[in-house]
Amino acid sequence: MKRIMNIYESCKTSIRITYVGFILIAIGFFIQNKNVNLFYTFKSAPVLFIAELFLDVGSLIIMNLPLIFMLNITCKKVNSSSPVILCLVGYFTFLITTMLFANQSLGASAYASGYGINSAFNLSVGTRLPLETGLICSLIVAYATRFAFVFSRNRSSTSLLGFFNKDTAGVIYNVLFCFFAGIIVAYGYPFLYKFLQSAITFISEDLMDPVRIGLYGLLDRTLSILGLSNIIRNPFWYTNAGGSLVNNVTGQSVFGDVNIWAAMRNSTSTYMGAGRFITPYYIINMFIIPGYYIGTLLSMSDRNERNHFTIVFILAIILSIVVGNPLPAELLMLFTSPFILIVYLGLVAVLFAILVKFNVFLGYETAVSNTAVAMPGSFPDFIINIRNIRLIDTLGKIALIGLIFLAIMIIVVLIYYRVVAYDLVHTGKSNKLINNIIDGVGGRGNIEYVGSGLFRLNIYLKNLEEVDVEEMQNIGAKRVTETRTGISIEFGTSSYIIARRIRKKIANKITTTK
């Protein structure tokens, strides 16, 4: 758990930037959404310009999240510009290596474009593209850079690279590390890609099988978190893997779940089956993700902390409902509470299966070709369908199932924070940890109240001067901060349980004394 929170500390800024990116998208999306414009049409040129600007900037942020995470992890707690240089050099070394060594016969979704590094090789070896590795590349290059930076600082002046200064040596080390990492990924990536293609073939063989659709849901969200959503989404959204429909009027065939839904909305055809890969997102965005935020907020036993974060979480819930993308919350789960993420992915798989089992389908229309920035399952796209008499029953079922999953997610989060989330490092040593904390803050008599906030333990004290700073630094916490009313100790997701055990320890002592 401590290692998980260390990663969270390194990625905290990137997660916040993710929210900012989606807030920008939310504003632009809301102004330009054609369903919103049915009720109020924005005609002001400056407003429309700002909407387009926000959409473009937000989309650019989301598309470059791997790069943002990589730089954030690399530069955490390093008071130098050298890691940034090392990181960027290593990043492009990694991409170029995958471009030169990777199999170029994979599908289009396996490759990344837009880096401007493929053109130099066009004349000699033909057009080649680097692999699309998403967050995987970020983590590999970030930790390779950190290792290269430390390694270059600790090297002997008589080493092979003693001729160079430390920064130059760090660049050379990182180029070598990322080069070999790129080769490994280049030769290993096709196996992953072929496995995913096999899974796509398996799912497409029976699009009404709940098990297969549940597998799609699991793969979709897992790959989206890793920044590889195009691999699984493109085939089902836009090609015959997602089904086909023959237009009775024109005789033309329509392929892909998203395209079929759009074609059906413009005809009198039944919606049976269309939207099966989109429908769960209405429940994920409007119910499950809000359930995660609500459960996390309720897990804060410190009233002051809870009041402080209430507005933040309300805005996050609105963002999820209006924009329709669970990625920010999923990244927060990934770097703070992987257990919740695993349960969440399981719920998503079950949800996909249930909706197909009970024939609940509701798609959406989009002109976005890059599915990484697509926003399926937003409230505006949901509520506009209330005008369609044929979809009233579907909307009711989605709302009912959504409320059930909302309750389930809240319960899962509460159980995790209140029962499961205890730092495994201290398992079997809980009494010692509790005693060390109490002794470190000056004993029971110096404690006014103990509560938990977002990933931290808040202890309100009568006298701050009685705190044993050396003792508090040895308790194994990520960070200990002095506040105006006491101290704040970052224990991660186990903070709630530790706070409860300290309160119980104090209460038992008082009862015994009486």
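The values are calculated or read from the model by the stated rules, or taken from the named source; none is laboratory data. Treat the numbers as computed from the prediction; the structure is a model and nothing was measured. Please note: Cβ atoms are built from the backbone with ideal geometry, for glycine as well, and neighbour counts cover all protein chains shown. These accessible areas exclude ligands, DNA and RNA; they are computed on the full protein's heavy atoms, side chains included. Shrake-Rupley method; radii C 1.70, N 1.55, O 1.52, S 1.80 Å.
Some values worked out for this structure:
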quantity	calculated
Residue check, residue 430 modelled with pLDDT under 90, surrounded by 14 or more Cβ atoms within 10 Å (Cβ to Cβ) and within 21 Å of the chain's Cα centre (by Cα)	no
Given (1) under 24 Å from the mean Cα position of the chain (by Cα); (2) open to solvent by 20 Å² or more (accessible area, probe 1.4 Å), number of the condition residue 232 does not satisfy	(2)
Matching residues, the stretch 433-476, being of a type in the set (Lys, Arg) and buried (at least 19 other Cβ atoms within 10 Å of the Cβ)	456
Elements of type helices (runs of 4 or more DSSP H) contained in the stretch 325-401, each with 3 or more residues being surrounded by 14 or more Cβ atoms within 10 Å (Cβ to Cβ) and among the aromatic types (Phe, Trp, Tyr)	338-357
Top-ranked residue in the stretch 282-324 [being within 15 Å of the chain's Cα centre (by Cα) and closer than 21 Å to residue 360 by Cβ; ranked as surrounded by the fewest Cβ atoms within 10 Å (Cβ to Cβ)]	290
Residue in the stretch 230-242 that is in a helix (DSSP H, G or I), of a type in the set (A, V, I, L, M, F, W, C) and within 24 Å of residue 338 (Cα to Cα) present	yes
Residue 449 vs. criteria in contact with a Ser or Thr (Cβ under 7 Å, 6 or more places away or on another chain) and at pLDDT 80 or above	no
Residues that are open to solvent by less than 20 Å² (accessible area, probe 1.4 Å), modelled with pLDDT under 90 and aliphatic (A, V, I, L, M), drawn from the stretch 402-422	421
Filter result for residue 184 (part of a helix (DSSP H, G or I) and open to solvent by 60 Å² or more (accessible area, probe 1.4 Å))	yes
Test: residue in the stretch 380-394 that is under 18 Å from the mean Cα position of the chain (by Cα) and over 21 Å from residue 208 (Cβ atoms)	no
Qualifying residue in the stretch 320-327 (condition: over 24 Å from residue 346 (Cα atoms) and of a type in the set (S, T, N, Q))	no
Entirely in the stretch 1-115, the helices (runs of 4 or more DSSP H) that have 3 or more residues that are more than 23 Å from residue 338 (Cα to Cα), among the aromatic types (Phe, Trp, Tyr) and at pLDDT 80 or above	82-101
Any hit, the stretch 188-201, residues being touching a strand residue (DSSP E or B) at 6+ places or on another chain (Cβ under 7 Å) and either modelled with pLDDT of 90 or more or open to solvent by less than 60 Å² (accessible area, probe 1.4 Å) (or both)	yes
